[in-house]
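Only one structure is covered here, and it is reproduced in the block below.
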Amino acid sequence: KTNPAVSATGASATWYTSNPTITLSASDAASGLSYAKYAWDSSDATCRASGTSYTNGNTIAIPSDGNHTLYLCAADTVTNQGSWNGTYKLDTVNPVAPVPSSPANANAAFTVSWAAAASDATSGVASCVLQVSYNAGAYATVASTNCPVIGSTTYTHDSGDGPYAFPVLATDRCGRPP
């Protein structure tokens, strides 16, 4: 009794930031394959009952952003069965960072605050960095944070009166900035 061998490339506990090509394999050296099927986010039983047929070497992609499980199943011509499953994580959307506010005409020290959390619906937010730019100049980091729902920091400037910009850059767990 030898079960069919089934497998797929690219299963990983880490997040993909673009859709990988997943190569499916199925073989049975003894009696030959009766079928080979795959199914996303179901079970081995569902794969056998209603999975999508494939042949050795076919390629597929992750169906959508999110955390998915791929199930492969196969049977040979004498009813021996083989199965495999693997995890695939895909996040193709950049995180959304909060927009901070600051006084229009500030001098010396003032408070910069934000009232919305950064978000990333798929892999989640890893970190945020608050930056400052004076008079449309280069950006410098003011503070790093875990992006609380409501946050603030006091900023003391030495560049003089004028326009300041305070972008918040959020990075998701895939390492993707906005």
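The values are calculated or read from the model by the stated rules, or taken from the named source; none is laboratory data. For clarity, every value in this text was computed on a predicted model and none was experimentally measured. Note: ideal-geometry Cβ built from the backbone for every residue, glycine included; neighbour counts use all protein chains shown.
Here are some notes:
- Options Gly66, Gly82, Gly151, Gly86; residue that is crowded, with 18+ Cβ neighbours inside 10 Å, among the small types (Gly, Ala, Ser) and at pLDDT 90 or above: Gly82
- Of all residue pairs spaced 6 or more apart or on separate chains, those with beta-carbon atoms under 9 Å, a first member in the range 1-13 that is touching a residue at least 24 places away in the same chain (Cβ under 8 Å) and surrounded by fewer than 14 Cβ atoms within 10 Å (Cβ to Cβ) and a second member that is of a type in the set (Gly, Ala, Ser) and not in a strand (DSSP E or B) are Lys1/Ala30; Thr2/Ala29; Thr2/Ala30; Thr2/Ser31.
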